[in-house]
Each structure stands twice: as structure tokens, then as C-alpha cells.
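Nothing in this text is a laboratory measurement; each read-out follows from the coordinates by a stated rule. No experiment lies behind these values; they were computed from the predicted model shown. Because the Cβ atoms are built from the backbone with ideal geometry, glycine has one as well, and the counts that use them run over all protein chains shown.
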Amino acid sequence: MREFVVMTFATVGLFAAAAWYAPVDAQQGDAKPNPHNLPATSLGDRLDDRLDDRLDDDTLGSRGRTGHPSIAASPGFAHASVANNPAVRDAKPVGQAVCMACHTLESKSFAHTTHALGMNVALAASPTTPTCEACHGPGAAHAKNPTARGLIIAFTHDGGTPVETQTASCLACHAGGARDQWLGSVHRRNQLSCSDCHNPMAQSSAEGLQAKRSINETCATCHQDIRQQFNRRSHMPLPEGQMACVDCHNPHGSINAVLLKTDTVNETCYQCHAEKRGPFLFEHAPVRESCLSCHTPHGSNQHALLVAPIPMLCQQCHSHVRHPNDMPNEQQLASGLAPDERVMGRGCLTCHAQIHGSNHPAGPRLHK
Amino acid sequence: MRMLQRSQASRLTLCMVLLLIAPFARAQDSGLGIDLQFGNALDPSGLEPSSGIGTLGCDPDGASWLTSVRKRTPTGFLYACPPDHPEFLLGGEWQYRGAFSVGYLGLSGDQDNMLFSRYSNWDDGLYLGGSFRYEKPSDGSYFDVRASRINDDDQYLRALYGRAGKYRIQAFVRSQSNVTSSNARSIWEGIGSNNLTLNGALTPASSTSAQVAAVSASQPEQSLVVVRDKQGLGINYFISPRWVAFGNISHESRAGARPFGGPFFFNYPFADNGGAYEIPRPIDDSTVNLNGGARWTGSAWRMEFAYSGSFFRHANGTFDYQVPFAVRPVVPGLVSPLLTSGQFAYEPENDYHHLRVNLTRKIALNGEFSLAASGGELSQNDQLAPPMTCTGQFGIPVIPGNLYDCANWNTSAALSRARADLAIKTSMLDARVVLQPGRDVTWRASAKYDRQDYQGDYDAFNPLTGQWGYPAENGAQGSVVPFESGIWDPGPGASNITRIRNLPLDRELLQFTLSADVRLNTSNSLGTTYSFDRTKRGNREVATTNDHSLKLTWHNRTFDWLTFRANYTYLRRTGSEYEFNPYEYTFSTSLPGFVIPPNGVPAHTVSAMRKYDVGGRTQHKADLMATFVLPSDMTFYASVRGDWNDYSAVIGRRGYDALGGSLQWEWQPTTATVASVWYGFDRSSLDLANVNDAALTPDPVLGGATYPEANRWWSRDRQRNHYAGLTLNQTVGRIKLDANWNWSSSRGRTSYSFNSPGALTTPALAALLTGQFPDMLYRAHAVSLGVAIPVNRSFSVRVFDRYERGRVSDWHYLGFENGQVLDHRVDTDGGPTDYSANLIGLAFEVKL
Amino acid sequence: MRSVACAALCLAAGHAGAQSAGQTSALDESSAGTNTQVAAALLHAPYSDLRAIRPIAGDAEAGRRKSESCAGCHGEHGIAIVQEFPSLAGQHADFTYWQLVEYKRDAMPGGQMTPPMTPLAADLSDADMRDLAVYYAGLDPAAAPATEAAARPATAEQLQRGELLYLSGDPGRGIPPCQGCHGSDARGHRDALRRDRNGRTPYAAYPALRGQQAAYLRLKLAEYRDGKQQDSTTDFVMSGVAVALDDASIQDLSAWLASLSWAAN
């Protein structure tokens, strides 16, 4: 652990130093203009340089550039620039008043979002700050020909904006964090856009500006096969509103299989089932291998999300001499002629109760 | 804060300090942490906590004055309509909106039934809900609170305070219930405590089956419930446009009871002997979760440093249960000392630390290079319980070497070590490069190294006696069968076979992935991925497994009305030679003084066994998804998924196939109507093969003396499920109606075949066998209807009703209706049962 | 089974509800066999929802016969005899029709007094309104005899300012370019009759402005700006646009639009 900490901090230190001292043009990669709302990477760079991409004084006319110096815009919204729409390279931004002239109803819904709250403060602090156009790109061409597809960055099926342009617009502010691995993620590779799951134009969901009324409903639009598993007899409490898909998965992409949030399946489960973490004095190998050796993660018709009925579940691996390899049958049930504790009720787990591992010195067989 | 008083407190302090150093902290998100959903069965979305589903309709004006066509996602699904949130009211510098409600829930029917009340623990009574939002437009501050209370076991309050783009503080308290049984008949008292004592009518180790059965039958059915109470606090802080710091802390306590086991040796071969108990075990523990870190984001560089910690603490290290039955030796005439109680170790207290660093840099060709490193440790150092709790002696008298003094086993001095002192260290390094040389091509390569190292060895060695092993099944095994005590010694027990040490499970993964995506034209794209995983495992049957997989992705939008996605994955797992018994060194057979018994050491298992988690496998997996964009603001969606696995096993899991499909139709014809209907189907088939042992011989070969061909058997578990659902939200004038129907019908059929009656425990029963278990069934309907009637602008009434009916049959519990005590078997849980329950609710909602 | 039946009932009820709700789907085919019913439904709706309209049909010849009383104000050839009244020749039939509906709904602003059209429209049947709208749409404004020059001749600067405002708007004042909705040639929305996914023509009722009477345009623009015209979804769009117009801009725009000739271009 100590070695890891030292190693980590050394790496981080080097990286931070490089980031601090590397020349700005090196930071910018190739000489293309920065398409991001993000500040340049060099810490010595002036954030105000980003103003170039904003509304210019001519466009703004009489409103000018001076805002209310008493209002401090939050760092999350203050330095926005107009999103890049490659389809209209020459278009100029027009400012939110022009957008809202026709889109009054849209702005009414939008007003319920935290985006709107933050943008309006940033706009009041500095009237050059783009708001609508920070996401939708410059509006002049669209305003002149609003039904032509692609002239504005639209986040809809019929909008005519390529998915890449849409996601670039969102990532211009939201790069990093949970979205750090978006570029290689399965959802991106399946040509999904941010707006396939999110609708920032309305507060339709309690969390995360979802396209549907909740995170779970949003995921279920495509993953209906998973959603239906929550109808099974034992299931994670998603239909009961206690959990969301994103408690385990990061839909934006992760470096782990099936978009898990943590390094392994087991670590994901331990987030809520911390008691199963151990390590136990006596481990059960497939348990440590993966919780999914025996459980299905979403729902099952067996008890406790098991993939198969006990004892057959256990008999997939256990054929040791003496008792685990007899063929179970219906006569061994409590209703049969030869009731057998290995088949009825909890089955194998009646005795091997500590199936996830035992911490008892007398528990190698998971009995204690 | 009981958890802080332990020796780990210093470590905890250290991480607290780390937290403070690593500036502040971010609320959970899809990248980190849990507790991202606050809702309940009345309002699963959490969007309408004040009075439940259906009250928040669509904005009657729609989404735009320009067009009536509903907006769709790029894929083509309909967005949820913009909700009809109340307008903000002005109050000084703040504007606000909100609503709260007071209601009453009335339940009837089988309201306690486990399947009905599993995660809600429904009860009659008052329920409360509310949601408020305050905003200060001048500086972007906001305060948002949502709360709902169905009962003590199902409630939440979640508050956010923040400034848009500056910081966000989240605080919550929540209670979540898990009803683990609703028909428990306990012969024990003290449920929930760590000492389960027998009902007063029973005498430990001296009761008859009839007495126990009588007590069990006379017990009222009761519910076993585990409730989680959790409190959390988190912050996300923009230090600058580049730096964001985040951190969360939560504390959860769990309390209650659930069905669990209790082994006192077999009853099935030994009538009126042994003991198989299902006890209501206590759950009493708590967990503190921490995470924190900082993120730096710029146009070319990104980095993130995060720490996660989790600290699990139990109230008691062990829990005990008295047993009603005595066990006696199979040797006629001998009497074993009474064993009156059994014990379990509670899951050990553990500490978890995890550090993660992500670094990403933009590179040439519009690419990104990213490096992620993480390291963690799961450790525990619980005080170990003595192997036995008895006093006097245990075992079998007369036969030399089979009677043991409790004093040598009921003390910590009987252990080779007083504390567990175990840890697993994890480390992970992941590097990936993505290049986009043109707009239409993406190349990707990644390499990952992931390792978990076990630290700590435990020998089951008793320094007081010089013996190895442990008293098996609370001493019961050695009290019934001579030389089966589980204890090895160089003397009379020199041929006893038992476990003598722990099993470290080190693992190392090396993974390489190469992929390319090509956009053929504006409406077609293809992707392909090849990946190779090499996993090395310590002390497992296969030392190295190699997974080759190829994945193909196709995405098509040729038609304006169709978005089609197809994915296919082929995976083949091979590996080093399968070693059917890698566990030799953990057994007494590996001890220097071990004496091979006259008939040899029985085979560990059949050599033809292939455990499916490490064995070879070929997998084909496909999914097809089609989204149809229909006129009249309808969407139709169809998907088919299949997963076919062939395990190259003669014994063990042989195959697992699953195929499913679903259809969904959505309709938002007006702002007054939102409707959807869906149907889903899936089935799966799991094949396994096994073989009954005929004799205790060293021969591990299938078809040999131990595992004769005649004793082979096969089993297939087939699951078949149909599901359907319907939702309708309808506004009529000012009245809002909502209807919801959810249905599922599942059937599981486990069939078997066998070569000869030798496969059976009781060969004589072969003639009676039908070839399959009775079907496992689960059919459930849930219908809910609600109506919300506004009385005036700020006051409305909502009435709703939910009726649920379930039919369930699980063969594990067949016959339980005739009593849950059969000979020396005592089952507490009666198993899942049919239910029919109705919930009616009346709520008065007040809008601000 | 009972539940299934119940669910089916719910669905049926839902569909029925959708029909009766009517407010925002008044023009759905399923709810309106004929446009007569449409208009009847609309008379009671809180506002005319023109986002979901379909192109109207009418009998131009019948319209011509019914147009006698209209000609008194709107001219024999559909070119208004005074600037305060709109010219109707060549105007999109859907615009004219929905304007008439708005009069019939008694929703037109008229200052202190009832607008003169309101009582006239009250007696029109839905068929009358459709016939008239179609008739006037069929008249060629370019073919009409030239009328008197505008009372107040516009200056070249004024026309230039009006044109600039029409084509580019004024972002500094929050004014979008008019051409977005009324066409780069001011002949109406460029997608006026393009059906959307649901077969509707939401832009059909966006008027052509070319060569329209200057005083009428000034009057209307001022009404929009002052929030007096709030009876249809297109009114809501136009009010949002006009709110930033000052008197000078209204003058400039009206003058430039009035100066455009149908014959040209």
C-alpha cells in the first residue's frame, strides 16, 4: 500500500509539474483552435483569452460588454464559449434574447434546470457569455433559416446534427470525471449521443436531467431485456425506487467490463454489501472470483438472485465424495418419501450457511 | 460512533486527513459511489415525492410554440414531456416552488407477504411527502429538498444546497427495508440478538422431534426484516474552472434478522440423528463509506485523484444458537456428550482503502492517451472465536482418539493466531490510446494489468494439543461418525482428512484490446474489437486462462424511421491444463505425519469435473435493437438478445443458453396523454452433469471405481418468462388519471436423467421418479390506478389504489404446509407464498 | 384475466380521453371529420393551436361569390383600398383562414372598439372561411392594378434599415431575422406546406408579408409588441419576436415590406 501511495504521488507530481510548465502550444496539441469551453491546460494561461470565441461587441451592439461587477459568476459557467458547429463555420452567435424570441416555451421549461440558473448568473455578470449557444453553437444561420437541418446543433432525431458534434458540445464543459472514458465506451461506439439519455432542456427527472422520468426508465428504453428481469421473483430494488442502474454502472464508459463503476464485479457489489468484502479466514473460491458465479445481478426466479436452483447450482462444481454428488430429485422434498435437507428449504446452505466465506476458525467448510 | 474506537481508528484518522488534504469533495455521480436514487414503491422515479406517480403531468402547452411534433432522442425515442412544474414564486431574493402532502395508506389482504412487501414493508398509516426548490437567481444559489415517508423502514430525506457551477452539497438520510421472510416460525427466542435461545418449552439437546414440531407449529408467523438506516453528506466544489474537489461520507447501520443455516450434521442418512437448522440470524452492523478527491480538467490534460474508503463494523463477532436435538454416535451403545449450541462468526470487520489516479492527455490525430492506476487494500483483523463453545467434552467416547476436551478448544489459546490479520492488496494499471485520424475512423488500443494479492496465512493448528484441523459442524460430525471430527493428530487421528489452512486466491489479469470503428457513410458504421485476457490464478484448477474475444458492432440509420444496432461477440476461453485437485496442500493429507488409510485417500473429486468459472468455454452473444420512429408521436422498439455458451465439460456445467426479446410501444399523442405498452419474453437453459460416488477410493476417473459410469446423471434447468406492462397517464380537464399494469409469468423446470439408480441417494426410489421437479412458478400482477383532483390552485386530492396478486410455487418448500420440522430438520422460513393484497391511498397535496 | 381486461379498458379510455381532451390536438383527423367541427372545437379552446394544422381546402369559385362584401375594404382584386387593411391577394390560404377563425373567436385586439372584422366574421361558416381564404390565395397580387403610392414615402435609409432587420435581425437587441419564418423573399415560410412527421403543416399559417400594406403591418407589429395579440401559437411566437421592436424598427420594417413588389423576383 505504502509503495503504491508513493508511486502514485510521484506520478501525479510529475504529471502536475509537466502540466504546469509545459509550453502552451504544446498543451494545445496541434495548432487548431481550441474547440472547448475548457480553459487551456497551462495554468499560466489567462482564462480571458477564451473571450475570442464569444459574442463580439459588434454583435452585441448597445448592450456592450460590461456586466454587473458585483455579480461573481461561478467557475462552472463563467468561461463558456460558443459551441463549435462544423456545419456552419462562418455563422455568428446571436445571443440568448434572439433565441428566446421564438423559443419562449423551451426557455420556460429550461428555466427549471440548474443549467439555466448558472447560465443566467454568468450572463448577468458578463453579457458576452454565451448561454443557449454555449451548447447549440452559433445561431445566426439557423435564425435565418430555422427549418434547415444542421444549421444549429440540435440534439434530436430530426435535427440533422452528427452525433459527434452533439457530444463534443456537451463534453466541452463536461469532459473528465465520470465521462473520462467516453471516447472508447460501448455507448459511443454504438453511436449514442449524450442526448439519447439526457434532456437538459427540462427538469423531467429528479436526477441528472434524464431523457425519461428517471435514470432507470432512461436505461430501460434500450435495455428492455434487463428491465424485464426486475419483474422476476427476486430482484434488486429498482422497481421499488431504492436503487438506480448508475449505482453499479457508469453509462459514460469505464475501463471495466460492462461499464462497471469499480475495478471488478465484486468491488461493485461490496459498495452495498460491505460485509461480504472480507477477506475471510476461509474463502469460497468462486465467490472471490466473481459474485456473478452464482448470482445474476438484476433478477432471478430463484431465491436471492441465484442463477440456478440449489442444490444444482452447487453441483455444477461439487462432485466430492460422500454427499454432494447424488442426483437430487423430487422425492427428497419435504413432500416426498425421503426428505433430505440437501434439497429442501435452503438446501446446501442449511449447513454451508457461510457460503460467502467463514471467519470462524472452525469454518473451513463454511459451516460456521 | 462505535466503529471509531477500534485499533483501526488511527487508519481512519489518516484517511480523514487525506480527505482534507485532497481539497474538498464531489457528490456521488455515475463515476463513483452509490445512493444516486431516492424513491420508493409509490414513486419509483423520485420525481413526485409529494404525492406519487402521475401527479406531475406534462406542460399542457407542450415543448415548443413552433411545432407539435414531440422531440425525440437521436436514436428516435420520445423524450419525456416537459413536466408541468409549478411556476416559481417570488420571495425576496429567492424564488421557490414546492409541494407537500399528507396521506393515509390502507392495506388489506396479505399485506405482510414477503413478495409483496419485500422492499417497502408496507403498513397502514400516515405517509408524508414533499419536494421544495429554492433558487436565488442573483448568484445561482439553490436549495432543493425531497422527502418521502411510507413508514419507519422506508423513508428518505435528501437535501441539496449549492451554487450552480460553484459547489453542491448533498445531505441525506434514508431507511430501506428488506423483508427476508414473512412466514417465519421460530423455535428460538431473542431474534435479532446474538444469542438465540430455545423456546421455553424445549430443552437444549434433549428435545424430541415431536416436541420441536409442536413448538414450531404453535408459533405465529412473523416477519424477518433487515432495515438499513443511512446518513450521508457530500460536496462537490469548483475551486476554479480547472479544479474540482469532491468528497462524500456516509454511515449506514443494518439491523434485523434473516433466515440462515445451522449445521449439526446430516439427518438424511441418520434418522433421529444429526441436525439441520435454519436459524433467524441477527444482522447488526454498520458501514462508513468515504470517498474524496480532486479533478483537474483542461483543454489538453485531464487528471483525477480519488480515494475511496469503506469500514465495516459488526456489533458482535459471533452469534450463537441453542439446538433442541441431541446427536449420537452411529456406533451402537455409545453416547456422545451433549452439544447444546452452535456458533457462527459474524462477517469480519473490514477496512477498505482504494486510491485511484486517472491521467488523460490529448495527442495527435485528434486522439487521447489515458492512464489509470489504482491500488487498494481489503483488510481485516478480527478477533478469532475459539473453535468450540462447549464445556466438558465432545466427540465419541470409548473409541480412542475420538473424545476431545472442550477446554482445549473453547479458548483462544486453541488457535494458532488470535486475530485474522488478512488482507487482499489490489493494483491496477490501465493504459489506452484512442486515435481519430479522420472523421470516419477511430482506432483504439488498450492494455490493462490488474492484480489481487492475498496477504496472511492461517494454520488450523491447536498449540494446546498439537492437533491440526477443527471441530467440524460445531462438534456434531465427530460426535456421530468416528474419525470424522475434523481434527487430525499424529496419533489415532493420523488418517483423518481435514482442512488445515486457509486458501489464498491470488489473481493476475493482463488484458489487451484493439479496436477500430469505421463510419462507412452518414448512416452506417461498423466497429470491431479484438481482446485478449490472460488471467493467472493461484490455487485454482486452471493456473492460466486465456480469453480471446472478437466483437462486431453495426449501426445503421439508413431510414429516417429506423435506428438499428447489432452487436455480436465471440469468446473462446482456453487455458493451461485443468488440475482437478489444486487444494491438496490445504488438507491434512499433506502433513508429514499423515498415514494413508487402508483404502487409500479418497479422490478429491472426479477428474472430469470442469468448474465453469475457470474452465474452457465458447460463447456466442448477439443483440439486435431496432427503434422505429412512427408517425403520430409513437415509437416502437424491438430487441432480441441471445447468449449461447458451450462449456467443454463432461462433468460440471455443460451449457448455458439464453434468448430473449422485447417489444415496446410508446405514445404521446397530446400533452394530455402519455401511454406505453411493453411485452418481453426470455428463456434460458442450463445444463449440468454430475456423477454419484459409489465407493471411497482414490480413483478420480469417471468410469472408475469411485465414479462409475452407471452413477452418472444430468440435469437441465429451463426458465421461461413472459412479462408485460402498461402505463397510461391521462389528463382530463384538470383531473389527472394514472394507470399502471405490470405482469410477469415465469416457469422454471428442472429435469434430470440418470444412468442407473446408483445415481440416487435412495436407489429404491428410482421407480417413482418422474424425471423432473415440480415446476417452479411465479405469476404476478400489479395494477394501480390513481386520480388527482385539484380543488384549487394550491390544494389537490389524490386517491390511488394498487392491487397485487402473486402465485408462487417453489419446490424447495413443498410440504412445508404440513409443518416445518421434519425429524431433526427445523426450517424457520415457510418459503414464498401466494399473495393478494390491496393498497389504497388518499393524499392531500398542498402546493406552495 | 380480470387485470388484462382492466388494462385494455384503460387503454381504450386513454384513447377516448385523447380525443376529448382536444385542446392541443384539435386538428387531429381522428377528432375532426370535417373542418367545421375543427372550428367549433377551437372556438372554445383557450388558444388556437396552429402547430398541428393541416392545409385547408376550399372552393375558390364559391369564395369569389362570397367575397363581394369583403371587396369593400380589401379591394376587388384583394389589394386593400386603405393601408390600414390588409391586402389578401396571394396570401396563404391557411393564414387567411386562421385569421378569420381568430375573428370568429372574438380574439382580435381592436383597441377601444371592436375590430370591424369581428361582427363580419361572426356570420361566416367554416366553409365560407375556407372558400374565401382559398379564393384570395388564388388571386395574383402582381396582376392587380397599381394602387396609390404609400402615404408616407419611405426614405432609402429607412428601406435599407428595414431590409437589414428583415434579413439579419438585430442580435444586440434580441431581434431575430424575420426571414426565418416569413421567407427570404417575404412570400411566407419556406416550408409552409411541408408536412411534418405527423402529417401536419405547422408553418402553413405564417403569412407572406411581401407588398403588404404598410400601415396594416405597423398596426399588427405594434399589437404583437404590446402583447395584444395572444390567441394562437403563432401569436405567441410572434409576440416573443416583436417584443424587442421599437417604433422606428416597426416603421422601417413595414416600409420595406410594403415597398416590395410581387411582380419582382
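What is the angle, in °, between the Cα long axis of helix B:9-21 and the longest principal axis of the Cα atoms in chain B? Nearest 10 is fine, range 0 to 90. So the inclination is approximately 20 degrees.
Of the trypsin sites (Lys or Arg not before Pro) in segment B:686-758, the ones in a loop by DSSP (not H, G, I, E or B) with at most 16 other beta carbons within 10 Å are B:Arg734. Taking every lysine pair in chain B that is 8 or more places apart or spans two chains, those with Cα atoms closer than 17 Å amount to 7.
On the beta carbon distance between B:Trp443 and B:Ala566, with R0 = 25 Å, the FRET formula returns roughly 0.70. Simple rule: put +1 on each Lys or Arg Cβ and -1 on each Asp or Glu Cβ in chain B, find the dipole, and look at B:Ala447, B:Asn792, B:Val212; the Cα lying farthest toward the positive end is B:Ala447.
Note on segment A:275-350: percent of Cα-Cα distances in each 5 Å bin, starting at 0 and stopping at the bin with the largest distance, equals 3, 14, 20, 22, 20, 12, 6, 2, 0. Here segment B:440-510 and segment B:273-322 have alpha carbon centers that stand 24 Å from each other. When only the Cβ of Lys, Arg, Asp and Glu is charged (+1, +1, -1, -1), the dipole of segment B:526-773 relative to its Cα centre reaches about 360 debye. Each pair of Cα atoms in segment A:150-223 enters the Kirkwood radius, and Stokes-Einstein at 25 °C and 0.890 mPa s then converts it into a translational diffusion coefficient of 190 µm²/s.
Residue ranges B:464-470, B:763-769, C:233-239 sort as C:233-239, B:464-470, B:763-769 when ordered by packing (mean number of other C-beta atoms within 10 Å per residue, highest first). Calculate how steeply helix B:209-218 sits against the longest principal axis of the alpha-carbon atoms of chain B, using the helix alpha-carbon long axis, and give the answer as 0 to 90 degrees to the nearest 10. Approximately 20 degrees, to the nearest 10.
For B:Ser590 and B:Ser685, the difference between the fully extended length at 0.36 nm per residue and the C-alpha to C-alpha distance is 30.2 nm.
Computing FRET efficiency as 1/(1 + (r/R0)^6) for C:Asp226 and B:Phe795, where r is the C-beta to C-beta distance and R0 is 60 Å, gives about 0.95.
Per residue of peptide B:319-330, the mean number of Cβ atoms on other chains within 10 Å of the residue Cβ is 0.
Bridging of C:Lys104 to lysines at a Cα separation below 25 Å is possible for C:Lys66, C:Lys220, C:Lys228, once same-chain residues fewer than 8 apart are set aside. The mean number of partner chain beta-carbon atoms within 10 angstrom of a residue's beta-carbon across peptide B:630-638 is 3. Please list, in order, the residues from segment B:683-705 whose amide nitrogen is less than 18 Å from a point placed 7 Å along the Cα→Cβ vector of A:Ala338. Taking a point 7 Å out along Cα→Cβ of A:Ala338, the residues of segment B:683-705 whose backbone N falls under 18 Å are B:690-696. Among the trypsin sites (Lys or Arg not before Pro) found in segment B:435-518, those both in a DSSP coil and sparsely packed, with 11 or fewer other Cβ atoms within 10 Å of their Cβ, are B:Arg439. When segment B:526-773 is described by a simple charge dipole with +1 on each Lys and Arg Cβ and -1 on each Asp and Glu Cβ, the residue from B:Ser607, B:Tyr583, B:Leu659 located farthest towards its positive end is B:Leu659. The distance separating the Cα centre of segment A:236-258 from that of segment C:154-219 comes to 49 Å. Enter the Cα centre distance for the pair segment B:162-188 and segment C:220-265, rounded to the nearest angstrom. One Cα centre to the other: 58 Å. A cut-off of 5 Å between modelled amide H atoms, ignoring neighbours fewer than 5 places along the same chain, links B:Thr180 with B:Leu224, B:Val225, B:Val226. About its Cα centre, chain B has a charge dipole of approximately 2760 debye under the convention of +1 per Lys or Arg Cβ and -1 per Asp or Glu Cβ, with nothing else charged. Here is how the number arises for the protein assembly as shown: DSSP H runs of 4 or more residues each give -39500 (n - 2.57), the sum is divided by the residue count, and the result at 222 nm is -5000 deg cm²/dmol. Here B:Asn316 and C:Leu120 are evaluated by their C-beta separation; at R0 = 56 Å the FRET efficiency comes out at 0.05. Along the axis of the charge dipole computed for chain B (Cβ charges of +1 for Lys and Arg, -1 for Asp and Glu, origin at the Cα centre), the listed residues B:Ile399, B:Leu429, B:Met114 are led at the positive end by B:Leu429. With 0.36 nm allotted per residue and the present C-alpha distance subtracted, the B:Glu508-B:Val335 stretch has 57.2 nm of extension available.
Within 10 Å of the Cβ of each residue in A:282-291, the mean number of Cβ atoms contributed by other protein chains is 6.
Taking a Cβ cut-off of under 11 Å around B:Ser182, the surrounding Lys, Arg, Asp and Glu residues balance to a net charge of -3, with basic ones at +1 and acidic ones at -1.
Over the Cα atoms of segment B:287-366, the radius of gyration divided by the Kirkwood radius equals 1.50; this is the Rg/Rh ratio. Once C-alpha pairs closer than 8 Å and six or more residues apart are averaged by separation and normalised to the residue number of segment A:114-240, the relative contact order reads 11 percent.
Once both labels are positioned 7 Å from their Cα atoms along Cα-to-Cβ, the gap between B:Ser206 and B:Leu659 label points is 6.4 nm.
Placing dummy labels 7 Å off each Cα toward the beta-carbon, the span from B:Leu89 to B:Gln383 is 5.8 nm.
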